[in-house]
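Colleague: The structure is given below, and queries will be raised subsequently.
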């Protein structure tokens, strides 16, 4: 199977890190395509960044459908454009926040999320509610790092994230940690070994869930509200995104 | 005060209808600017349409900030880009779904929503949950009309919507109706007179709520997660949307 | 339009303060009538005070209906008698807790409430749940002042309230403050300027929401459970409150 | 122990019926005092009736405290004035809606409520939410009888209520019925025998719960928000209700 | 009436303590049978202990049905096997966690639970959610004592539990305490006197609730999902537990 | 990796069917061990059956730990003993209800559950709440078949289940079906092809989720409430289940 991992921001080093995590997680028969869009924000740290990044995500889904991809992972912890992407794709699509939370709920009765910026906590909080995870999420914590600080080898980001995870384990009554940024995709093993608890990182979790869905023959439901978008004209320089008529391929 | 009403789709007849409702609702001293984006979908009937329409909404907020607008109404029942728009704007921003639901909860112990397409019901359902309106929303109903059918003077859309509203009043135990599409902005009075219940339409409700906020001196909080988006580069043909450094003007 | 602002307690200085806030908020064409009942508690600090105060509120609604009032604001943060008042009135009725919370949810992703007495927090908590605001209310705080301390020019109440609001902004992850007592109606501007966040005060918010509803032609729904109370005899010295037969005026 | 059963309306035949149910339920050592207020509505069928009835309830609690009552049952399905009554009383206070729902949740995984008027359903719905019973209450049904029709021996009220209960058992997936009006206090046994399911009636349930609390030595907590109301003046012809200073008797 | 109090663990000293509390609470006419199973864990401190203890609980219900018991109390704060026991029994069954929480919600607007081990908090948390008590439970606290430490007269367990209850009253905004272990059945009076708040202990609460249900003629509903288990073979050394065909005795 | 699939009932034909589904779903490198306990109920159709079946599940987890199993699937839609099993196991454990619901929520915005007996619906309902799936589960339906009817090749069970799934798709507004019984493990493909929607069956979903967790290196958290059960004596013929002291192997 061929699955596509979409980094919704345009920073190549982060795409590389995400790709490494995805490839490490993938099963032998899985072809992993990793990409980032050609347009959009360098990092996603606000609702605004996230909203604009959706265009790039949809660009990549369009390309993926043309290339015959069987499933997709949206590799940003805000899961930008998730439902729109599901409408566009024949196969399944998962976001890494969704993937990480679902997986964490299977190995602990509660988890805490550790993310980068304080202002991003609200996005995670909204996803926790939307995904039905309120009974499992103990706390959402931020280390007050910019996303791209995670790309700076000279920063103390790893130490600070590990320390915040340790505080979560001590104070929150949680049994597992969810890492709240795709830029932390390389840290799960390290922190898990240091703290002795499961640490869930969404890129690898997302890859496995997509493999799960594809191998079970489960595609996005085209019955009802995730059906292909109805064809119509789009104006201006977004006209290239206009949905085309599609034969239902349920 | 100057307030801007943004039709997130690019259909001029709908913008005109929305504008008429907005102008009719506005107080004497309010300057109403009505617009639609230059790029984006002709109508919004899927998560995909909605996701792409956000770009046009943000375009218009950017322009509005430059033009000194004091507040904004996003005139599509999915409230596309609401939180992103709030980050961008100094003044307040409301969506028409949000406006209509809040207002309806003040005149009845429960309301039903009547929208166009069946597949749009899920968007309304997600907003009901996000806005804390689960205790007030009795049911979400669709008449299975395309959005642009509302623009066709020859269609029987008015009759069908009225009929669905009548069913809601009979069967749902609701005391009020919320019209679930900006294209129904001209129908509230008519249906209310026929059915003898309050019928809330979001464009006029949104105009009044923005006037309320502006006249109370209440702007979008720039403390925390709705602060201006941090400045950073955006790639490709979306680079024009990159957030600029901004002096905090709280 | 003529709107009536009802201070449910019988303390004249508080009525005056409430009146000043209401008048300052009202639009040019709005006639504001401010009153307090002739019977009932001097201040509302318990469920018991609140329960008894409802009689005075209903007295004033009865009078208001006779005087042709178009809408009402119940100016105590417990919103005493709100649903009963809605049954009695043709026009809309809002409580200041309800008004403030709805408005605050439009300018921030979360707010904290700052009220007077610790024992009043439970009333605010019950309203937060009833109004669907659990997802928006970060914390309810009390400064342990009696309500009438707010009327004492020699008290340090303003400083203490401001300080508690500052703590809320620092610790609660909230973007806005809701002032939890009608006696704080004069403090919103001051505290907002000091803390740099929106501070919502319910009297002015309530006035604007009633203006909103009246100007939209939205009255309390007389379909279903907010219909006029059925006529029947009342015994003893409450017989004057007995509902009379009323022609439906939907 | 001496417990007082308060019918919040002023209809003597209903008080008699409530009294019979209470006496039948009481344990040998329990002295049951049954009463209705000297002022207030003849029946409670609206939020307005309910709000006014609270005065009579509080009158009777005041008297009960002077007479040394050990506990109270508020015998109207809206539980009018429950928290205010708890503040006033040293001993425990329960409402019959509260009592019936708690008890029903112990003998079935779900119950339906059958009440009189359609417009009363909303009050039951609000109590279901406030008492945490949303997971247990399957449906709230009304037979569209006025409360005092239950007092008319010539009416077909018993047949209609029984029929509605039968529908609930068939259609709602409930294992028990809660009767939603104190005026149905004589029907539980009859309907239970006919339908073969537990039918819970709040007056007897309330008597047993008060006996339970009193015999366990559990009084209303005077720590925090149910403490005696602070002493203060009340104006006008409600001045007699003003709370007096009270020595804490925790 | 004859009621059976089942200590789900096999520690005789704890059974004795539970029995003393039950007998002290029972009404004159109530015959109290106290027992523990002949098989199962010495104490219940994990989901695993609890799961295995259910067998012993069901053994005792089987015996109780043969002996003509009218109702049952399951005297462990995890309420092990509650719904299974209800299926088996003609009469009512309550668990002590359920009993204590329901009772506490009648005398305070909020309670905190104080239990033994930190790891047991999650079981209490799950019960709080299942019983609809989320709006009432302020906090769940543990003193980090093993259950059988409560049986050791030389331990400082009473002091530590009292101290934790005191912290709950100070910090949690609760008006009552729920003791979270059957082994604390002898402490409620003592702690209540020391702290001046209602302290609810589930064994006595459970006895009174069963007396309540039995005297109201309310048995477990045999309509629907708590009907007697369908007869069928069980394999191996659990074959003795196989449900026999039963004439419905509704 | 070696994973163990536990059919909690003792019916061999059902174990065989479950095994076939598991083997078909497993990845090349996965060794699948399928078993049923030597003691316990022939089928699980009541809370009672489920409670007793937990013993057999725990027997098999004990054996699995001795045999070096890396993860477990509990193959009954009530997920019996899930948290107890997690305490006992080093590796991950998932139930098939949990697995199916999580997976279904990734391919549709809502699903309906189709199970066997009406009385089993309540168990599914409780799991939906416990797993946070209330926002996704549209309806729980039963076909009123006994579990072992699914094993009877002459029954019309397949037709009836398919028909109920068709009704769900038509009436419930769901985009996917969750099959609510392990005995339906062979029907997912068939029904999915007939109805054109994703049909999720928990055995295969559980196998893939366990593979996911194991390959991600995620074991059950031994920090906090899922730690190995504390060692202690068990009495009687359950003494063999007593937890032994265990070196933490986190």
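The values are calculated or read from the model by the stated rules, or taken from the named source; none is laboratory data. Given the structure is predicted, the values throughout are model-derived calculations rather than measurements. Here the Cβ is made from the backbone with ideal geometry for all residues, glycine too, and neighbour counts use every protein chain on show.
Colleague: Looking at the stretch B:45-68, I want the residues that are buried (at least 24 other Cβ atoms within 10 Å of the Cβ) and have a partner that is modelled with pLDDT under 95 and assigned to a helix (DSSP H, G or I) with Cβ atoms under 8 Å, at least 6 apart or on another chain. Which pairs are those?
Modeller: B:45/B:119; B:45/B:120; B:45/B:147; B:46/B:119
Colleague: Still on this model: Checking the conditions here, which among A:55, A:44 is farther than 22 Å from residue F:211 by Cα and at the interface with another protein chain (Cβ under 9 Å from one of its Cβ atoms)?
Modeller: Selected residue: A:55, the only one of A:55, A:44 that is farther than 22 Å from residue F:211 by Cα and at the interface with another protein chain (Cβ under 9 Å from one of its Cβ atoms).
Colleague: Please work out which residue is farthest from residue C:172 (Cα to Cα), limiting yourself to the stretch A:92-119 and to residues that are in contact (Cβ under 8 Å) with a residue 40 or more places away in the chain, at the interface with another protein chain (Cβ under 8 Å from one of its Cβ atoms) and touching a strand residue (DSSP E or B) at 6+ places or on another chain (Cβ under 7 Å).
Modeller: Checking each candidate, the answer is A:92.
Colleague: Considering only residues of the stretch E:63-83 that are part of a helix (DSSP H, G or I) and within 29 Å of residue F:87 (Cα to Cα), which is nearest to the other protein chains (Cβ to nearest Cβ)?
Modeller: The extreme case among them is E:83.
Colleague: Give A:127, A:145, A:150 a once-over and let me know the one that is more than 9 Å from every other protein chain (Cβ to nearest Cβ), at pLDDT below 95, within 21 Å of residue A:178 (Cβ to Cβ) and assigned to a helix (DSSP H, G or I).
Modeller: Within the list A:127, A:145, A:150, the selection yields A:150.
Colleague: Check C:178, C:197 and return the single one that is in contact with a helix residue (DSSP H, G or I) (Cβ under 8 Å, 6 or more places away or on another chain), facing another protein chain (nearest Cβ under 8 Å), surrounded by 20 or more Cβ atoms within 10 Å (Cβ to Cβ) and within 30 Å of residue B:90 (Cβ to Cβ).
Modeller: Going through C:178, C:197 in turn, just one is in contact with a helix residue (DSSP H, G or I) (Cβ under 8 Å, 6 or more places away or on another chain), facing another protein chain (nearest Cβ under 8 Å), surrounded by 20 or more Cβ atoms within 10 Å (Cβ to Cβ) and within 30 Å of residue B:90 (Cβ to Cβ): C:197.
Colleague: Can you find even one residue in the stretch A:159-180 that is farther than 30 Å from residue E:140 by Cβ, assigned to a helix (DSSP H, G or I) and under 20 Å from the mean Cα position of the chain (by Cα)?
Modeller: Taking every residue of the stretch A:159-180 in turn, none turns out to be farther than 30 Å from residue E:140 by Cβ, assigned to a helix (DSSP H, G or I) and under 20 Å from the mean Cα position of the chain (by Cα).
Colleague: Inside the stretch E:191-212, can you point out the residues that are in a helix (DSSP H, G or I) and in contact (Cβ under 8 Å) with a residue 40 or more places away in the chain?
Modeller: Across the stretch E:191-212, the qualifying residues are E:202, E:203, E:204, E:205, E:206, E:207, E:208, E:209, E:210, E:211.
Colleague: Give the residues of the stretch D:213-229 that are within 21 Å of the chain's Cα centre (by Cα) and either more than 7 Å from every other protein chain (Cβ to nearest Cβ) or not in a loop (DSSP other than H, G, I, E, B) (or both), sorted by residue number.
Modeller: Selection gives D:213, D:214, D:215.
Colleague: Another question about this same structure. Kindly indicate whether any position in the stretch B:237-247 is at the interface with chain A (Cβ under 7 Å from one of its Cβ atoms) and part of a loop (DSSP other than H, G, I, E, B).
Modeller: Looking through the stretch B:237-247, at least one residue is at the interface with chain A (Cβ under 7 Å from one of its Cβ atoms) and part of a loop (DSSP other than H, G, I, E, B).
Colleague: State whether the residues of the stretch D:202-212 include one that is modelled with pLDDT under 95, crowded, with 19+ Cβ neighbours inside 10 Å and more than 14 Å from chain C (Cβ to nearest Cβ).
Modeller: No, that holds for no residue.
Colleague: Please specify each residue of the stretch C:215-238 satisfying the condition of being surrounded by 21 or more Cβ atoms within 10 Å (Cβ to Cβ) and at pLDDT below 95.
Modeller: C:225, the sole residue that qualifies.
Colleague: Can I ask one more? Just the residues that are touching a strand residue (DSSP E or B) at 6+ places or on another chain (Cβ under 6 Å) and buried (at least 24 other Cβ atoms within 10 Å of the Cβ), please, taken from the stretch C:19-39.
Modeller: Within the stretch C:19-39, C:22 is the sole residue that qualifies.
Colleague: Can you confirm whether residue C:138 is more than 8 Å from every other protein chain (Cβ to nearest Cβ) and in contact (Cβ under 8 Å) with a residue 12 or more places away in the chain?
Modeller: Judged against the criteria, residue C:138 is a match.
Colleague: Enumerate the pairs (first residue in the stretch E:144-172 and closer than 16 Å to residue F:232 by Cα; second residue anywhere and surrounded by fewer than 17 Cβ atoms within 10 Å (Cβ to Cβ)) with beta-carbon separation below 8 Å, excluding pairs fewer than 6 apart on the same chain, so at least 6 apart or on different chains.
Modeller: E:145/E:155; E:145/E:160; E:149/E:155; E:151/E:13
Colleague: Hey, another quick one. Conditions: (1) under 18 Å from residue A:123 (Cα atoms); (2) facing chain B (nearest Cβ under 9 Å); (3) in a helix (DSSP H, G or I). Residue A:86 meets all but one. Number of the miss?
Modeller: Every condition holds for residue A:86 apart from (1).
Colleague: Of A:248, A:242, which residue is at pLDDT 95 or above, within 19 Å of residue A:83 (Cα to Cα) and surrounded by fewer than 21 Cβ atoms within 10 Å (Cβ to Cβ)?
Modeller: Exactly one residue qualifies, and that residue is A:242.
Colleague: If I filter the stretch A:1-16 down to residues being within 19 Å of residue A:209 (Cα to Cα) and surrounded by fewer than 24 Cβ atoms within 10 Å (Cβ to Cβ), which single residue comes out as modelled with the highest pLDDT?
Modeller: Checked the stretch A:1-16; the qualifying residue modelled with the highest pLDDT is A:2.
Colleague: Go through A:25, A:21 for me and flag whichever is within 17 Å of the chain's Cα centre (by Cα), at the interface with another protein chain (Cβ under 9 Å from one of its Cβ atoms) and within 30 Å of residue F:220 (Cα to Cα).
Modeller: A:25
Colleague: Conditions first: (1) within 17 Å of the chain's Cα centre (by Cα); (2) in a helix (DSSP H, G or I); (3) touching a residue at least 40 places away in the same chain (Cβ under 8 Å). Residue C:186 passes all but one, so which condition is the exception?
Modeller: Here residue C:186 meets the rest and fails (2).
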